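For reference, the structure discussed in these notes is given below.
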Amino acid sequence: MKTVKTVDEVRAQVREWRKQGLSVGLVPTMGYLHEGHASLIKASVKDNDRTVVSVFVNPMQFGPTEDLESYPRDINRDAALAEDCGADIIFNPEPSEMYHKGFSSFVDMTVLTQELCGLSRPVHFRGVCTVVTKLFNIVKPDRAYFGKKDAQQLAIIKHMVDDLNMDLTIVGCPLIREEDGLAKSSRNTYLSADERKAALVLSRSLELGKEMIRNGEKSCAAVIAAMKELIEKEPLAKIDYVKIVDCDTMQQIEELDRPALAAMAVYIGKTRLIDNFFTEDI
Ligand code: AMP
């Protein structure tokens, strides 16, 4: 398996594959790969003849006070994991390769992006949509794989592909957790031992919400209140948001009368973690 740094190299490789009539899957990541990413790569390897994994910590999707500098990076470890999963190539560009001097074109979505994470991360989804569009234009995949861990991102990418007639299929993959329930994330490496324990309040509160819904609770306010109460008992946790939204619009709903997404962002110490469930998966 090759690791390439330039747009020209990855394009030349994909062109070769296309000449042979092979299908191509793309798994966009920011690296420091874990089993969540591995599940996406394996899904792509299963569905496509060839799989490209991009590893790029995209500066454009980080706010000025966020963790761009400290975001964990280890391309050798990523390459080994991607190869084990059956990937064919890693595209690992430098920021200067993706954003030439004078770069000034952006993909800005006016719906879906201002809710949930968009409220506390105002530039985030513009950066995500722009880099994902660039990756789609560079690789021209038949399919691209995104995790339900980032449920809002998945909804936004699907919407963007539809709006802009991008010629590929977006595949959403299940959220992968640690054995004790914590959603796998590259940012979990920031957690101290005490914070790692405290971080379990996210998945525990989601379990509580699921249980209430399974038992017939229809009021979103009641479910959210119970989840928040549980989180607030953890001294190291500080809630950014806990919301239940319509899966299509990302707008808050009052009654659980349609497919919904329960989503949260919670600071554990300085680390902002996200987690969620879709009501149709419970
Ligand atoms: P990231 O490297 O965090 O930007 O994530 C790259 C892709 O992997 C995104 O589509 C994420 O939704 C997905 N991903 C990250 N963590 C998980 C997880 N725990 N389960 C499933 N997919 C994940």
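The values are calculated or read from the model by the stated rules, or taken from the named source; none is laboratory data. On a predicted model such as this, the values are computed, not experimentally measured, just so you know. Note that each Cβ is placed from the backbone with ideal geometry, even for glycine, and that neighbours are counted across all protein chains shown.
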Name the residue that is surrounded by the most Cβ atoms within 10 Å (Cβ to Cβ), counting only residues in the range 4-40 that are within 16 Å of the ligand (Cβ to nearest atom) and in a strand (DSSP E or B).
27
Exactly one of 142, 180 is acidic (Asp, Glu) and either within 16 Å of the chain's Cα centre (by Cα) or more than 30 Å from residue 198 (Cβ to Cβ) (or both), and that residue is 142
Taking the range 173-211 and keeping only residues that are part of a loop (DSSP other than H, G, I, E, B), crowded, with 16+ Cβ neighbours inside 10 Å and not acidic (Asp, Glu), one is left with 175, 176, 182, 184, 185, 191, 199
How many residues does the range 91-137 hold that are buried (at least 21 other Cβ atoms within 10 Å of the Cβ), without any contact (Cβ under 8 Å) to a residue 60 or more places away in the chain and either closer than 18 Å to residue 6 by Cβ or outside the structural domain of residue 50 (by TED's automatic domain parsing) (or both)?
1
With (1) away from the ligand (no atom under 14 Å from the Cβ); (2) in a helix (DSSP H, G or I) as the list, and residue 65 as the residue in question, which single condition is left unmet?
(2)
Within 14 Å of the ligand (Cβ to nearest atom) and assigned to a helix (DSSP H, G or I): which single residue out of 87, 155, 79 fits that description?
155
